[in-house]
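For reference, the structure discussed in these notes is given below.
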Amino acid sequence: IFGDHGEVTHYLAVKEDVTERLRADKLLRESEEAFRRLFEDAKDPLLLLKDGSIVDCNKAALELLGYVAKTDLLGHDPAAISPPYQPDGQSSREKGAAMIAAAHRFGYHRFEWTHQRTDGSTVPVEVTLTPITLRGEVILHTLCRDVSERRVTETRLRLLAAVFEHSAEGIMVSDRQNRILEVNDAFCRLTGYSADEVRGRDPRLLSSGRTSVEEYRAMWQAINSMGHWQGEIWDRRKDGSGYPKWLSISTIRGSSGNIEYYIGSFVDISERKAAEERISHLAHFDTLTDLPNRSNLQ
């Protein structure tokens with residue numbers, strides 16, 4: 001403190017306890033270090049976006065997109081590492097901006113996206129955008145999950161479902177207690193039952209009574225020992241009419257080796273049986289008199 005003539009008359013010292021501030025700074029540094037380790041070591045590709053541009057990424061993101069160093073990726077916006085248009089026909093640049101805006105507006109946003117690798121190939125990903133505060137700035141934590149295998153699985157499941165629904169053969173799936181779980185349209189058409197009428201019921205409701213107990217016993221013995229069986233049996237439609245069918249039954253076992261499901265498929269062979277009987281009749285009876293012929297006598 002200076003006096004009237006500019007000379008120093010006193011010294012004033014102001015002291016402040018900064019223990020809490022230092023502790024807070026230390027916790028902040030530790031938190032940022034923990035975030036950094038988690039970010040870098042994450043198995044899923046991660047990006048940090050600020051003002052629409054990439055400011056950081058982890059090793060998994062570089063491997064996913066085919067880049068060698070972070071410097072090759074930083075500063076780009078998502079559209080720059082994507083094909084010009086997304087599979088839904090939207091411009092990558094316009095859709096990217098819309099997705100970022102939605103994340104800021106709702107605090108969280110998940111959507112599907114297609115990125116382009118450095119070799120020109122594309123990779124479908126599921127993106128999760130989450131705004132976070134880092135060093136006092138709001139940035140977007142971007143999690144990308146490669147869904148290529150999931151897409152293949154979904155396509156395969158759609159194909160299998162289409163085969164199940166559109167097959168000309170009647171198909172029935174039952175559980176380990178042999179309760180019907182699902183049937184296809186051909187099953188309903190051939191038996192006269194709707195899917196709701198047979199779900200949860202035993203397939204014996206279709207039995208006509210013409211197949212012997214011994215035949216059924218032999219059939220189930222083959223199914224449980226060899227995992228499959230096929231042969232001809234007689235069944236009954238909802239209207240009570242009987243008909244012959246060629247039936248194939250297979251088992252699906254779980255990881256423990258126990259039977260989980262039974263899959264039965266069948267076709268109505270009434271016309272084939274009638275044709276066989278007609279051929280047999282023509283072979284053994286005279287076509288003009290309908291009397292037994294020499295072959296029949298022999």
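The values are calculated or read from the model by the stated rules, or taken from the named source; none is laboratory data. Keep in mind that what you see is a predicted model, and the values were worked out from it rather than measured. Cβ placement follows ideal geometry from the backbone for every residue including glycine, while neighbour counts extend to all protein chains displayed. For the accessible areas, the whole protein counts, side chains as well, though only heavy atoms, and no ligand, DNA or RNA atoms are used. Shrake-Rupley method; radii C 1.70, N 1.55, O 1.52, S 1.80 Å.
Residues in segment 1-49 that are of a type in the set (K, R), in a helix (DSSP H, G or I) and open to solvent by 100 Å² or more (accessible area, probe 1.4 Å): R21, R23, K26, R29, R37. Answer yes or no: is there a residue in segment 19-34 that is over 22 Å from P124 (Cα atoms) and modelled with pLDDT of 90 or more. No; the residues of segment 19-34 include none that is over 22 Å from P124 (Cα atoms) and modelled with pLDDT of 90 or more.
Mind checking which strands (runs of 3 or more DSSP E) fall wholly inside segment 157-236 and carry at least 1 residues that are under 27 Å from the mean Cα position of the chain (by Cα)?
Filter on segment 157-236 gives 170-175, 180-183.
All of R135, R145 fail the test of being out of contact with any helix residue (DSSP H, G or I) (no Cβ under 8 Å at 6 or more places or on another chain) and under 30 Å from D51 (Cα atoms), apart from R145.
Would it be correct to say that R199 is at pLDDT 90 or above, closer than 23 Å to D268 by Cα and not acidic (D, E)?
yes
Considering only residues of segment 267-287 that are among the aliphatic types (A, V, I, L, M) and surrounded by 11 or more Cβ atoms within 10 Å (Cβ to Cβ), which is modelled with the highest pLDDT? So, considering only residues that are among the aliphatic types (A, V, I, L, M) and surrounded by 11 or more Cβ atoms within 10 Å (Cβ to Cβ), the one modelled with the highest pLDDT is V267.
Once segment 168-206 is narrowed to residues that are of a type in the set (G, A, S) and open to solvent by 30 Å² or more (accessible area, probe 1.4 Å), the residue that is farthest from E260 (Cα to Cα) is G192. Each residue in segment 267-291 was checked for being assigned to a strand (DSSP E or B) and in contact with a Phe, Trp or Tyr (Cβ under 6 Å, 6 or more places away or on another chain), and 2 of them qualify. Does at least one position in segment 130-137 carry a residue that is crowded, with 16+ Cβ neighbours inside 10 Å and under 27 Å from the mean Cα position of the chain (by Cα)? No, every residue in segment 130-137 fails to be crowded, with 16+ Cβ neighbours inside 10 Å and under 27 Å from the mean Cα position of the chain (by Cα).
The combined condition, being among the polar types (S, T, N, Q) and either open to solvent by 50 Å² or more (accessible area, probe 1.4 Å) or over 37 Å from the mean Cα position of the chain (by Cα) (or both), is not fulfilled by S248. Starting from residues that are under 23 Å from A102 (Cα atoms) and either hydroxyl-bearing (S, T, Y) or assigned to a helix (DSSP H, G or I) (or both), keep the ones in segment 50-66 and report whichever is farthest from the chain's Cα centre (by Cα). Applying the filter and picking the extreme gives S53.
Under 7 Å between Cβ atoms, at least 6 apart or on separate chains: pull out the pairs that start in segment 158-182 with a residue that is under 21 Å from R236 (Cα atoms) and end on any residue that is aromatic (F, W, Y) and not in a strand (DSSP E or B). These pairs meet every condition: G170/F187; I171/F164; I171/F187; M172/F187. The residue list D290, D239 contains one member that is touching a helix residue (DSSP H, G or I) at 6+ places or on another chain (Cβ under 9 Å), among the acidic types (D, E) and loosely packed, with under 15 Cβ neighbours inside 10 Å, which is D290. Got at least one residue in segment 85-95 being part of a strand (DSSP E or B), farther than 30 Å from Y261 by Cβ and open to solvent by less than 60 Å² (accessible area, probe 1.4 Å)? Yes; the residues of segment 85-95 include at least one that is part of a strand (DSSP E or B), farther than 30 Å from Y261 by Cβ and open to solvent by less than 60 Å² (accessible area, probe 1.4 Å).
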